[in-house]
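Participant: For reference, the structure I am asking about is given below.
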Amino acid sequence: MPARIDDILVLDTAVSKTGLAKYLRDREAVLPADFGGLGDGVADDTAAIQAAFDRAGADQKFCVIPPGTWNVSGTVTLPGPARGLIMQGTIRYTGTAPASVLVLGDGGTTRNGEKLYTGLDVIRATQSDWSSEADIGITLRNLDASQVELRRVEGFTIGLRTLGDGRGFEDTTLFLGRLVNNRIGLDIWCATATAWNTSVRYYGGHFACATGVNASQDRYGIRLGNAPGAYTNHNRHIFDGPNFEIRQAGSNVAIPFLNETGGSAIIGRALRMEACSPIVARHTATAQDCEYEVAWSNTYQVSIDYAATATRCGNAVINRHRAPASRFQRFLAGVENVRARAFRQSATEVGVEGLCTIATSTTTATTLADFCFNGLSGLTPTAHAVQLAANRGLGWVVDVTQAKEFALAHWLMGGAAGGRLFVRCFDGAGNIRENQPGDVLASLTTMLWNAPAKGWNAGAPMDDANLNRRMTLRLGEDVAIAQIGIIGFDGIIDLQALRLYGLPEGAPAILNGTPTLPNSGQRNFVLETEVDLPNLAPGAEHLFDVTVTGARPGDLCSVSLATSSRFVQVAGHVWTNNTVRVVARNVSAFSVDLPAATLSVEVSKRRIP
């Protein structure tokens, strides 16, 4: 009857090497020694190992590599029908040409299920120069519901590759040992459009490079990637407790994760980073919803690097090292009731206190102030919301010189779907940045350049059904100021609430309503100026105008004069745009000549009942 796994793994230490071979053969296992293999570190055992692998496949048995060093000069492949591989010795590749040395399982559309590969140990006799990705230590093909235990893979361009070939690599558990001196320690790969590589668990793993090994070249612990045109949605890969010591030196980068896919839910837990770049992951495409928990590193300033080719963000670094609460969100700004904050900007325009009004119609503007409006037509208050026309929006102006990641949350009437993210980018002088690659990324949509509006809008409406209502925004390094908000775009939306969040390590300034940016949701406009009134006869009045930028006819107006006299009263009225008519009246029975004093004028926009 077939041997049990523990019959093969638990061996009597008193059994001799010759007796071991007989012990294993009697238990339905095949050994290279059956075909002339020596494992003495001198002979070329390629043919013997391949013959043993073929027999194990034909008879649906385990193959066992006993203790010793088994030299191979080319690829050895264990067919899919074999039950598994148990390695107690080491396979050493002595060839010079790039090769995939140990291949386990059939390729194509074959499912290799319920396999056990344990004790895997493959090394290169001479260190690879990392020039060819055909240089691979171990390739696991199309595994499903299997278990793999790796002791060591050393000296290759790619150490261990998990390959979805014509079908998937999935639902498998890998226990990782040492992955040493490889440019890419673990390569999670798909070769075709009909393949997939999903739902895999990884435990441990020591990814390391020695000082001086290909020192000028970039290296990565784990890569998620695919051949051109192949499956890209690698998802739910869970890594527990890997250790990365991959040796950043000089101009090279040494990054634990390289994600070249559009997958999601790549989760790294309790990572250790030593002698690495201060980057836990580099994303080059559309990966999102990935989390990297760093338990220890040489710095707490660990981040994700988004390459110029990346078109999504929405990923997180959880810095446990010296910053145990570092990734909780920080509330930055919010208007919890847009309707209650609505005011009349003018007879035909409406604004919302605390939010700048955004216009997405064609514009020739080039500076920040010209893109911000205190209110516009196209905003219509209703009983419970403010309706935004398709070419209107509301948002904030934010200093993003240091803080780069934000989340915008909105609520429409009745929880309806709709609205699109909108971002304009400016340099430190407030000049518009037009269509600069890398300026804006979003987590669940592609940000599209809107040339007439000189801004970026989301490629799709925000909708729970499409899992994109709650999104993260990331601004590029050269963006100093950003206008961030929501626009109607596809039609009228009924906006009830809007909130902005950031990361706790940053508390960026919200610039709405500052003296240099008053037309951005400001309800109150204030002027202070020195005036020297003329000598007023009894009952006389003196009328004069002052400029209050932003004032409109119909605004509420209050005026005060910093004087101890009770005989001169002042009042004001907005009679034309930006102009307040002030009247000073002598209410006494005698002439009054006041010294110069400070006049304060405050204009308030009317609330909308």
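Participant: Looking at A389 and the list (1) within 23 Å of R312 (Cβ to Cβ); (2) of a type outside the set (V, I, T); (3) open to solvent by 20 Å² or more (accessible area, probe 1.4 Å), which single condition is not satisfied?
Facilitator: In the conditions (1) within 23 Å of R312 (Cβ to Cβ); (2) of a type outside the set (V, I, T); (3) open to solvent by 20 Å² or more (accessible area, probe 1.4 Å), A389 misses (1) alone.
Participant: Filter segment 491-524 down to residues that are of a type in the set (D, E, K, R) and over 21 Å from R339 (Cα atoms), then give me how many there are. So that I can check it myself, show each step before the final result.
Facilitator: Initial filter on segment 491-524 (of a type in the set (D, E, K, R)): 494, 499, 505, 523.
Now narrow it down to the ones that are over 21 Å from R339 (Cα atoms): 505.
Counting residues in segment 491-524 that are of a type in the set (D, E, K, R) and over 21 Å from R339 (Cα atoms) gives 1.
Participant: Kindly list the number of the only condition in (1) among the charged types (D, E, K, R); (2) surrounded by 17 or more Cβ atoms within 10 Å (Cβ to Cβ); (3) outside any loop (DSSP other than H, G, I, E, B) that fails for R552.
Facilitator: Of (1) among the charged types (D, E, K, R); (2) surrounded by 17 or more Cβ atoms within 10 Å (Cβ to Cβ); (3) outside any loop (DSSP other than H, G, I, E, B), only one is false for R552: (3).
Participant: Another question, if that's okay. Could you say which residue among A310, A285, A254 is of a type in the set (G, A, S), open to solvent by less than 10 Å² (accessible area, probe 1.4 Å), in contact with a Gly (Cβ under 9 Å, 6 or more places away or on another chain) and closer than 30 Å to T445 by Cβ?
Facilitator: Working: A285 fails: open to solvent by less than 10 Å² (accessible area, probe 1.4 Å); A254 fails: closer than 30 Å to T445 by Cβ.
That would be A310, the only listed residue that is of a type in the set (G, A, S), open to solvent by less than 10 Å² (accessible area, probe 1.4 Å), in contact with a Gly (Cβ under 9 Å, 6 or more places away or on another chain) and closer than 30 Å to T445 by Cβ.
Participant: Looking at G491, is it out of contact with any Leu (no Cβ under 9 Å at 6 or more places or on another chain) and more than 15 Å from T445 (Cα to Cα)? I'd like the intermediate steps shown before the answer.
Facilitator: Values: out of contact with any Leu (no Cβ under 9 Å at 6 or more places or on another chain): yes; more than 15 Å from T445 (Cα to Cα): yes.
Answer is yes for this residue.
Participant: Here are S564, S591: which of them is at pLDDT below 95 and more than 60 Å from the chain's Cα centre (by Cα)?
Facilitator: Values: S591 fails: at pLDDT below 95.
Only one candidate passes the filter, namely S564.
The rows are residues; the columns are (1) outside any strand (DSSP E or B); (2) aliphatic (A, V, I, L, M); (3) modelled with pLDDT of 95 or more.
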position: A390; (1), (2), (3): yes, yes, yes
position: G393; (1), (2), (3): no, no, yes
position: W396; (1), (2), (3): no, no, yes
position: A403; (1), (2), (3): yes, yes, no
position: A407; (1), (2), (3): no, yes, no
position: R424; (1), (2), (3): no, no, yes
position: G428; (1), (2), (3): yes, no, yes
position: L444; (1), (2), (3): yes, yes, no
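Participant: Can you name the number of the only condition in (1) within 30 Å of I484 (Cβ to Cβ); (2) without any contact (Cβ under 8 Å) to a residue 40 or more places away in the chain that V574 fails?
Facilitator: (1)
Participant: Moving on to the next point. Select from segment 452-481 the residues that are among the small types (G, A, S) and within 30 Å of M413 (Cβ to Cβ) and write down the one among them that is most open to solvent (accessible area, probe 1.4 Å). So that I can check it myself, show each step before the final result.
Facilitator: Of all residues in segment 452-481, those among the small types (G, A, S) come to 453, 455, 458-460, 465, 476, 480.
Then drop every residue that is not within 30 Å of M413 (Cβ to Cβ), which leaves 453, 455, 458-460, 465.
Numbers: A453: 0, G455: 0, A458: 0, G459: 36, A460: 30, A465: 84 Å².
Among those residues, the one meeting the criterion is A465.
Participant: In this structure, does W449 turn out to be modelled with pLDDT of 95 or more, surrounded by 19 or more Cβ atoms within 10 Å (Cβ to Cβ) and either assigned to a loop (DSSP other than H, G, I, E, B) or out of contact with any Leu (no Cβ under 6 Å at 6 or more places or on another chain) (or both)?
Facilitator: Values: modelled with pLDDT of 95 or more: yes; surrounded by 19 or more Cβ atoms within 10 Å (Cβ to Cβ): no; either assigned to a loop (DSSP other than H, G, I, E, B) or out of contact with any Leu (no Cβ under 6 Å at 6 or more places or on another chain) (or both): yes.
When the stated conditions are applied, W449 does not pass them.
Participant: While we're here: Check A48 against each of (1) within 25 Å of G108 (Cα to Cα); (2) in contact with a helix residue (DSSP H, G or I) (Cβ under 6 Å, 6 or more places away or on another chain) and name the one condition it does not meet.
Facilitator: Here A48 clears every test but (1).
Participant: A270: surrounded by fewer than 18 Cβ atoms within 10 Å (Cβ to Cβ), modelled with pLDDT of 95 or more, over 27 Å from Q127 (Cβ atoms) and among the aliphatic types (A, V, I, L, M), yes or no? Show your work before the answer.
Facilitator: Values: surrounded by fewer than 18 Cβ atoms within 10 Å (Cβ to Cβ): yes; modelled with pLDDT of 95 or more: yes; over 27 Å from Q127 (Cβ atoms): yes; among the aliphatic types (A, V, I, L, M): yes.
Yes, satisfied.
Participant: Do you know which residues across segment 429-438 are of a type in the set (G, A, S) and open to solvent by 50 Å² or more (accessible area, probe 1.4 Å)? Even if it seems obvious, please write down each step before you answer.
Facilitator: Going residue by residue through segment 429-438, those that are of a type in the set (G, A, S) are 429-430, 438.
If the condition is that a residue be of a type in the set (G, A, S) and open to solvent by 50 Å² or more (accessible area, probe 1.4 Å), then A429 is the only one that fits.
Participant: Suppose we keep only residues that are open to solvent by 60 Å² or more (accessible area, probe 1.4 Å) and either closer than 24 Å to Q436 by Cα or under 30 Å from the mean Cα position of the chain (by Cα) (or both) within segment 502-532. Which one would you say is modelled with the highest pLDDT?
Facilitator: A507
Participant: For segment 206-223, check the following and say yes or no: at least one residue is free of Cβ contacts under 8 Å to residues at least 24 places away in the same chain and either among the charged types (D, E, K, R) or surrounded by fewer than 19 Cβ atoms within 10 Å (Cβ to Cβ) (or both). Walk me through it before giving the result.
Facilitator: Of the residues in segment 206-223, the ones free of Cβ contacts under 8 Å to residues at least 24 places away in the same chain are 212.
Cutting the leftovers down to either among the charged types (D, E, K, R) or surrounded by fewer than 19 Cβ atoms within 10 Å (Cβ to Cβ) (or both) gives us 212.
Yes, segment 206-223 has at least one match.
Participant: Report yes if T109 is of a type in the set (V, I, T), at pLDDT 95 or above and not in a loop (DSSP other than H, G, I, E, B), otherwise no. Show your work before the answer.
Facilitator: Working: of a type in the set (V, I, T): yes; at pLDDT 95 or above: yes; not in a loop (DSSP other than H, G, I, E, B): no.
No, not satisfied.
Participant: Also: Scan (1) farther than 22 Å from M447 by Cα; (2) open to solvent by less than 10 Å² (accessible area, probe 1.4 Å) for the single condition F426 breaks and write down its number.
Facilitator: It is condition (1) that F426 fails.
Participant: Residue by residue through segment 231-242, note down the ones that are open to solvent by less than 10 Å² (accessible area, probe 1.4 Å) and either farther than 20 Å from A208 by Cα or free of Cβ contacts under 8 Å to residues at least 40 places away in the same chain (or both). Outline the logic, then answer.
Facilitator: Initial filter on segment 231-242 (open to solvent by less than 10 Å² (accessible area, probe 1.4 Å)): 234, 237, 239, 242.
H234, H237, F239 - these are the residues of segment 231-242 that are open to solvent by less than 10 Å² (accessible area, probe 1.4 Å) and either farther than 20 Å from A208 by Cα or free of Cβ contacts under 8 Å to residues at least 40 places away in the same chain (or both).
Participant: The conditions are (1) touching a strand residue (DSSP E or B) at 6+ places or on another chain (Cβ under 8 Å); (2) modelled with pLDDT under 95; (3) crowded, with 16+ Cβ neighbours inside 10 Å; (4) outside any strand (DSSP E or B), and N298 fails exactly one of them. Which is it?
Facilitator: Result: N298 passes all but (3).
Participant: Say whether the condition of being under 12 Å from Q483 (Cβ atoms), buried (at least 19 other Cβ atoms within 10 Å of the Cβ), of a type outside the set (K, R) and touching a Cys at 6+ places or on another chain (Cβ under 8 Å) is met by at least one residue in segment 404-419.
Facilitator: Among the residues of segment 404-419, not one is under 12 Å from Q483 (Cβ atoms), buried (at least 19 other Cβ atoms within 10 Å of the Cβ), of a type outside the set (K, R) and touching a Cys at 6+ places or on another chain (Cβ under 8 Å), which makes the answer no.
The values are calculated or read from the model by the stated rules, or taken from the named source; none is laboratory data. Quick caveat: nothing in here was measured; it's all calculated off a predicted structure. Here the Cβ is made from the backbone with ideal geometry for all residues, glycine too, and neighbour counts use every protein chain on show. Calculation scope for accessible area: heavy atoms of the full protein, side chains included, ligands and nucleic acids excluded. Shrake-Rupley method; radii C 1.70, N 1.55, O 1.52, S 1.80 Å.
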